[in-house]
Amino acid sequence: MPVRLKSLIGTVLLVLLVIVYAIIATIVAVAQLAESGPLVHLAYFFLTGLLWVLPAMVIIKWMLKPPRTRAG
């Protein structure tokens, strides 16, 4: 796969990941943390704010992997 196409796909995936992850994290927070104190909110948003990095790292590693060469 050409590097430019890989970069485009990876960029779109990263943007979609951030949008979907933020919406899901917010929905869970509203549904589950409504009666919780500020420290619980802080801990939740701190952890969820860091957790999206794991799938983003996988996408970025895939984007940076050199293209395969054809043996033949």
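Every number in this text was worked out from the coordinates using simple rules, so none of it is lab data. Quick caveat: nothing in here was measured; it's all calculated off a predicted structure. Reconstructed Cβ throughout: ideal geometry from the backbone, glycine too, with neighbour counts over all protein chains shown.
Taking each residue of the stretch 46-64 that is under 24 Å from Leu8 (Cα atoms) and looking for partners that are part of a helix (DSSP H, G or I) and among the basic types (Lys, Arg) with beta-carbon atoms closer than 9 Å, six or more apart or interchain, yields Trp62/Lys6; Met63/Lys6; Leu64/Lys6.
May I ask you to list the residues in the stretch 6-39 that are of a type in the set (S, T, N, Q) and under 14 Å from the mean Cα position of the chain (by Cα)? If the condition is that a residue be of a type in the set (S, T, N, Q) and under 14 Å from the mean Cα position of the chain (by Cα), then Thr11 is the only one that fits. Read through the list (1) out of contact with any helix residue (DSSP H, G or I) (no Cβ under 9 Å at 6 or more places or on another chain); (2) more than 30 Å from Val3 (Cβ to Cβ), then give the number of the only condition that Val53 fails. Here Val53 clears every test but (2).
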